[in-house]
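In what follows, a single structure is set out as structure tokens and then discussed.
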């Protein structure tokens, strides 16, 4: 039986030195949800939907925080948590595997399409050539794992667009009264100009739900956050990695001293996840307010092939044509970076589900082989989506945001609650379970997330999803 050796957690200001998973999380999700969806929604509705951004990100914060707390205490990721749900064997993982194969296919393809539109707007090489370059580049980086230099360049460009949007948003900030109205949970009607020229539907939920779904990432992003926590080695996650279920023997014999140390690492996690919450609300809100302040008065809603040029108005109105060019370059970098990040994250998630549902698959193929097989699969599906479905980035992104950000989020919330409050205590020694007992605040946050996202999924999503299907 192995013994858990938990490092002493940092305290006070020293916590800042080990914060990191939330920054990876933010770097992954700052892409289409912010650059396109938040800006477009602000352009259509003005400042009246700020509540959607705050509500969606805040509720997903509780899912990410609770799932990561489970990881810190047990040393296993969220997919293994799902596999420990009471009931038929692997039932939750089977649902996730099927839904995420579909969701990942469309989500990565949608991001590749959006990246293609931006790149072809910058370089006159045509959409198909630009699509081939974008997809090949992103798959190659994920395949080889050569992220270091690219990460620095991409991070600088993403920082440029974020800083620029923050400046623009600060200059077009609504009045205090308008901001309060935007937080009042009112569902506004869609303006006629957006229906006539912006490709919007008369149903406001068709614009609101995708924004909520991909604000600060969707279902997969909350799973990936547990992977980044594993990589950071917080608490019981130290020395472990993706694709490893918990060491039940070590957890069952955990000493009170080890549990106290893990509790200290939970405080580090709280600081890290809170940083992710703040980044998500501030950045998504800034893109939304930039769209509200710059594009809404001009009655411009980005869609189709012209999405890049319309969005570039956010910078060009402030800094001229040079600013517009900088926006397009930085936005291209943000989108391609997100595609690359998703190609690094989704194969991990799906490999975890395959390991559990098909044990023989994991035994036959090494993890790197599984990862690359999934990359080849996504390369093929991306090219089909880019070539066959045409350049409809907004529609594809909205469709993908519903599949990844709304469809399974209520299931995720309730499973994480069961894992944290019922499954985890049974995995730990009596002393450890007592020390690591989660606060009821986690239960409240998760249950509210479950109820709200269940409402979205059952009552609002079906009509929105059907309206986005081809031919509608």
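Projected label points at residue 244 and residue 156, each 7 Å from Cα along the beta carbon direction, are separated by 3.6 nanometres.
Note on segment 374-404 and segment 438-464: Cα centroid distance 27 Å, given to the nearest whole angstrom. Would segment 286-442 count as rounded, prolate or oblate if I go by the C-alpha gyration tensor, calling it rounded below 1.5 in a/c and otherwise prolate when a/b exceeds b/c, oblate otherwise? Because a/c hits 1.5 or more and a/b fails to exceed b/c, segment 286-442 counts as oblate.
When you restrict to C-alpha pairs under 8 Å that are six or more residues apart and normalise by the size of segment 12-467, the relative contact order lands at 37 percent.
Adding -39500 (n - 2.57) for every DSSP H run of four residues or longer, then dividing by how many residues the chain holds, sets the calculated 222 nm ellipticity at -23000 deg cm²/dmol. The angle between the Cα long axis of helix 205-214 and the main principal axis of the chain comes to about 50°, on a 0 to 90 degree scale. Rounded, prolate or oblate: which one fits segment 57-100, using the alpha carbon gyration tensor with axes a ≥ b ≥ c (rounded when a/c is under 1.5, else prolate when a/b beats b/c, else oblate)? Because a/c hits 1.5 or more and a/b fails to exceed b/c, segment 57-100 counts as oblate. A straight chain from residue 129 to residue 376 at 0.36 nm per residue would run longer than the Cα-Cα distance by 87.0 nm. Across segment 312-446, the mean sequence separation of Cα contacts (distance under 8 Å, 6 or more residues apart), normalised by length, yields a relative contact order of 12 percent.
Taking a ≥ b ≥ c as the square roots of the eigenvalues of the Cα gyration tensor, segment 371-472 is classed as oblate, since a/c reaches at least 1.5 and a/b does not exceed b/c.
Using the Kirkwood radius over Cα pairs, work out the Stokes-Einstein diffusion coefficient for segment 347-424 at 25 °C and 0.890 mPa s, in µm²/s as a whole number.
160 µm²/s
Applying 0.36 nm per residue to the separation of residue 178 and residue 309 and subtracting their alpha-carbon distance, the gain on full extension is 44.4 nm.
Taken along the Cα-to-beta-carbon direction at a fixed 7 Å, the label points for residue 257 and residue 14 span 1.7 nm.
Between the Cα long axis of helix 219-232 and the first principal axis of the chain there is an angle of about 50°, rounded to the nearest 10.
The stretch between residue 195 and residue 144, if pulled fully straight at 0.36 nm per residue, gains 13.9 nm over its current Cα-Cα span.
With the alpha-carbon atoms of the chain aligned to their principal axes, the span from lowest to highest coordinate is 65, 51, 42 Å, starting with the largest. Angle check, please: helix 393-405 long axis (alpha carbons) against the longest principal axis of the chain (alpha carbons), in degrees 0 to 90, nearest 10. Tilt relative to the chain: about 20 degrees.
Where a number appears in this text, it was derived from the coordinates with a stated rule and is not lab data. In this text, all values refer to a predicted model and were calculated from it rather than measured experimentally. As a convention, Cβ positions derive from the backbone with ideal geometry for all residues, glycine included, and neighbour counts pool all protein chains shown.
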